[in-house]
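This report concerns only the one structure given below.
The values are calculated or read from the model by the stated rules, or taken from the named source; none is laboratory data. Small disclaimer: the values here were computed from a predicted structure and weren't measured. Here the Cβ is made from the backbone with ideal geometry for all residues, glycine too, and neighbour counts use every protein chain on show.
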Amino acid sequence: MEVVELNHPLIEHKLAILRDEKTGTKEFREIIGEIASLLCYEAMKDVKLKKVVVKTPLEKLTTGKLDEDKYAFVPILRAGMGMLDGVIKVVPNAKIGHIGMYRNEKTFEPVNYFFKVPKGIDKREVFLLDPMLATGGSACDAIELLKSKGVKKINFLCIIAAPEGLKLVTEKHPDVKIFCAHIDRELNENKYICPGLGDAGDRIFGTK
């Protein structure tokens with residue numbers, strides 16, 4: 001199991017803005033997308049390119065190109081949608097699926113209500129998107145749904161991760177690689193990440 005945390009001054013700067021309770025919806029949404037793009041760049045740094053010949057204004061060149069059809073982005077609704085614009089800028093022709101989940105406020109367990117993925121998902125490398133990896137319950141359920149469709153390579157991209165969520169996902173799905181902007185301290189009694197940045201979905205969509 002590999003967990004990659006992006007340690008970079010610019011990431012810390014952007015996270016400082018996200019964490020600030022005074023940051024408005026527009027700026028919050030934009031920065032979520034920016035960090036998602038950076039996570040996608042990191043997650044794809046080892047992908048294999050196909051050899052192609054292109055003609056520059058000066059000469060022909062053998063170089064590498066990405067087969068974008070081999071990839072799919074799957075946001076966990078609704079907060080994961082905030083990351084989608086950022087990753088689509090990196091791989092515009094990737095296919096897109098959706099997994100709908102919400103948290104039972106009494107049990108803190110995830111409840112699944114929607115699951116739709118592109119045809120041939122089992123032949124694609126999938127990037128699962130959710131800004132917050134808290135308890136890990138939603139992430140594990142989403143991973144299991146993708147595996148039930150035959151997906152063999154899954155990367156989980158998140159903005160903030162809690163140690164508790166990382167532990168659960170790494171124990172249940174050691175084959176899934178996790179990329180996060182920052183690993184925070186802990187979960188509080190209400191299973192929110194601390195220091196965190198609040199409810200990502202509410203702040204992305206301005207619903208509170």
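A few remarks follow.
- Flag for PHE73 being in contact with a Lys or Arg (Cβ under 8 Å, 6 or more places away or on another chain) and within 16 Å of PHE156 (Cβ to Cβ): yes
- Subset of the stretch 124-151 [in contact with a Gly (Cβ under 9 Å, 6 or more places away or on another chain), outside any strand (DSSP E or B) and of a type in the set (Val, Ile, Thr)]: THR135
- Number of residues in the stretch 98-123 that are of a type in the set (Lys, Arg) and part of a helix (DSSP H, G or I): the value is 1.
- Of all residues in the stretch 78-117, those that are closer than 24 Å to TYR192 by Cβ, surrounded by fewer than 17 Cβ atoms within 10 Å (Cβ to Cβ) and under 16 Å from the mean Cα position of the chain (by Cα) total 1.
- Selection within the stretch 1-51 - more than 26 Å from LYS65 (Cβ to Cβ) and of a type in the set (Lys, Arg): LYS14, ARG19, LYS22, LYS26, ARG29
- Residues in the stretch 120-176 that are under 19 Å from VAL91 (Cα atoms), under 17 Å from the mean Cα position of the chain (by Cα) and among the charged types (D, E, K, R): ARG124, GLU125, ASP130, LYS153.
- Answer from LEU38, LEU18, LEU6 - the residue that is over 15 Å from PHE179 (Cβ atoms), of a type outside the set (D, E, K, R), touching a residue at least 60 places away in the same chain (Cβ under 8 Å) and surrounded by 13 or more Cβ atoms within 10 Å (Cβ to Cβ): LEU18
- Some residue of the stretch 58-74 being closer than 30 Å to LYS191 by Cα, of a type in the set (A, V, I, L, M, F, W, C) and surrounded by fewer than 20 Cβ atoms within 10 Å (Cβ to Cβ): no
- Condition broken by ALA72, with the remaining ones in (1) of a type in the set (Gly, Ala, Ser); (2) modelled with pLDDT of 95 or more; (3) in a loop (DSSP other than H, G, I, E, B) satisfied: (3)
- Selection within the stretch 168-185 - under 26 Å from PRO9 (Cα atoms) and not aliphatic (A, V, I, L, M): LYS177, PHE179, CYS180, HIS182, ASP184, ARG185
- Condition check for THR135 on (1) under 17 Å from GLY198 (Cα atoms); (2) among the polar types (S, T, N, Q); (3) free of Cβ contacts under 8 Å to residues at least 40 places away in the same chain: one failure, at (3).
- The set of residues from the stretch 21-35 being free of Cβ contacts under 8 Å to residues at least 60 places away in the same chain and aliphatic (A, V, I, L, M) comprises just one member, ILE31.
- Residues that are assigned to a strand (DSSP E or B), surrounded by 13 or more Cβ atoms within 10 Å (Cβ to Cβ) and not small (Gly, Ala, Ser), drawn from the stretch 162-208: LYS177, ILE178, PHE179, CYS180, HIS182, ILE183, LEU187, ILE193
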